[in-house]
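Throughout, read-outs are computed from the coordinates displayed, never taken from laboratory work. Here the structure is a predicted model, which means the values were calculated and not measured. A quick note on method: Cβ atoms are made from the backbone with ideal geometry, for glycine too, and the neighbour counts reach across all protein chains shown.
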Amino acid sequence: MGLNVIVLPGTDDWRDVGACRDTSPDLFFPVGTTGPALDQIAAAKVVCGECEVSAECLEYALATNQDTGIWGGHSEEERRQMRKARRAAAKSA
């Protein structure tokens, strides 16, 4: 699956229109996966859920093997599972 990028008038990159552009990057890179980090992950996912380019963000993260942070509304572990499923599907195709 290739990277599909939406380019809107007046922009040259999907990141220019991401809902996260006005949010502290720290929100999307929690330290840990327990305790207060769970609240931070949930808050980041809310921002992603309101984003018009979350699919492009997720595809970018998968295509470039981003292994930390919340991208396209998905955690590190969720993206690892997606990559694993994609590799398995590619092998069986």
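Per-peptide packing, taken as the mean over residues of other Cβ atoms within 10 Å, places 17-25, 68-76 in the sequence 68-76, 17-25 from highest down. Restricting the calculation to Cα atoms, every distinct pair contributes to the Kirkwood radius of region 32-92, found to be 12.1 Å. The length gained by stretching the chain between T68 and A89 to full extension, at 0.36 nm per residue less their Cα-Cα distance, is 5.2 nm. Computed over region 13-57, the alpha-carbon pair-distance distribution with 10 angstrom bins reads 30, 50, 19, 1, each value a whole percent.
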